[in-house]
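Data first, discussion second: the structure below is written as structure tokens.
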Amino acid sequence: MILAVTGGKGGVGKSTIAYNLAAELDALERADSRDSRSNAGSVVVDGDLGMADLPSSRGPDLHDVLADRADPHEAVREDGPVTLVPCGRTLAGARSADLQGLTDVFAALERTYRWVIVDSPAGLRADVGLPLAAADAAMLVTTPEGAALADALRVQALARELDAGLCRVVLNRAGSNPATEAVADRFGAPAVAIPENEPLATAQANGQPLRETAPDTPARRSLESLADAVYSCSSV
């Protein structure tokens, strides 16, 4: 399953949600002894070619893959708490990347991993549309602010045009009384609220999923619920 984590506005927490979702999906798969699929686990692809946010490391990255300098699997990093394909952080690397190769990258990874989670960039550029065009489903991430909700609605319209079904809406940094029902009605899809959480931000800054650093927090339980919904959908 290829899942595009998107939302339009920058800074709403797409990278944080994508990273933690992968950790929770892997935990659910390990716990489900009934699952005997050959494709194992998840991989997160940092699809923001110009402003990468996920942890980086030495070795080939997505820029190299899209410039035909490496195979998609050569760029996979499995030595951290979450398996991921990092993206380079240089302007030269971004310029050398051929966006049209993204679809082939996702397809190659999907043959190995059960979930390919694409951390999509902000905005409505071509590098946003390509993951949506290749995705089986989209997950919109927004905050309660009006500008973020408006941008998420624009991306939803693009996803609809590209036949990427909406899996869930994530209301990130929600307050004590999140308007999940109103958001669900507005987007026509179930909404999950992730409360404002300092341990979550700290864990992300240190390259760790919240389930490893603060497993008993409300934010972590919301992330687990989000993963459970994705897991159930992909098991159909």
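The values are calculated or read from the model by the stated rules, or taken from the named source; none is laboratory data. Note that the structure is predicted; figures quoted are calculated from it, not measured. All Cβ positions, even for glycine, are placed from backbone atoms using ideal geometry, and neighbour counts span all protein chains on display. Note: areas computed on protein heavy atoms with side chains; ligands, DNA, RNA excluded. Shrake-Rupley method; radii C 1.70, N 1.55, O 1.52, S 1.80 Å.
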Interatomic Cα distance distribution for the chain, bins of 10 angstrom, percent: 8, 35, 39, 16, 1
Extension gain (nm, one decimal) between residue 100 and residue 185, 0.36 nm per residue minus Cα-Cα: 27.1 nm
So for segment 95-236, averaging the separation of alpha carbon pairs under 8 Å that are six or more residues apart and normalising by length, what relative contact order in percent results? 15
Computed on Cα atoms, the radius of gyration and Dmax of segment 1-100 in angstrom are 14.4, 46
Work out the length of the dipole vector of segment 38-179 about its Cα centre, built from +1 on the beta-carbon of each Lys and Arg and -1 on the beta-carbon of each Asp and Glu, and round it to the nearest 20 debye. 340
Largest-first ranking of 139, 51 by accessible area, probe 1.4 Å, whole protein assembly kept, is 51, 139
Using a 1.4 angstrom probe on the protein heavy atoms only, line up 91, 66, 158 by accessible area, largest first. 91, 158, 66
I need the fraction of alpha carbon pairs in segment 82-121 separated by more than 12 Å, rounded to a whole percent. 68
Hey, what do the phi angles of segment 149-162 turn into as Karplus ³J(HN,Hα) couplings, whole Hz, using 6.51/-1.76/1.60 and θ = phi - 60°, x for Gly and Pro? 5, 5, 5, 5, 5, 5, 5, 4, 4, 5, 4, 5, 4, 9
At 37 °C in a medium of viscosity 0.692 mPa s, segment 108-179 has a Stokes-Einstein diffusion coefficient, with Rh taken as the Kirkwood radius over alpha carbon pairs, in µm² per second, of 249
Looking at the chain, which longest stretch skips every one of the GluC sites (Glu not before Pro) that is in a DSSP loop with at most 15 other Cβ atoms within 10 Å, leaving the sites themselves out? 1-77
Segment 136-236 - Rg over Rh from alpha carbon coordinates, Kirkwood radius: 0.98
Amide H neighbours of residue 141 at under 5 Å, excluding residues fewer than 5 places away on the same chain, with H built from the backbone geometry, are 6, 7, 170
Residues with beta-carbon under 13 Å from that of residue 209, excluding residue 209: net charge, scoring Lys, Arg +1 and Asp, Glu -1? -2
Which semi-axes, in whole Å and largest first, does the equivalent ellipsoid of segment 77-148 have when worked out from the alpha carbon gyration tensor as the square roots of 5 times its eigenvalues? 21, 18, 15
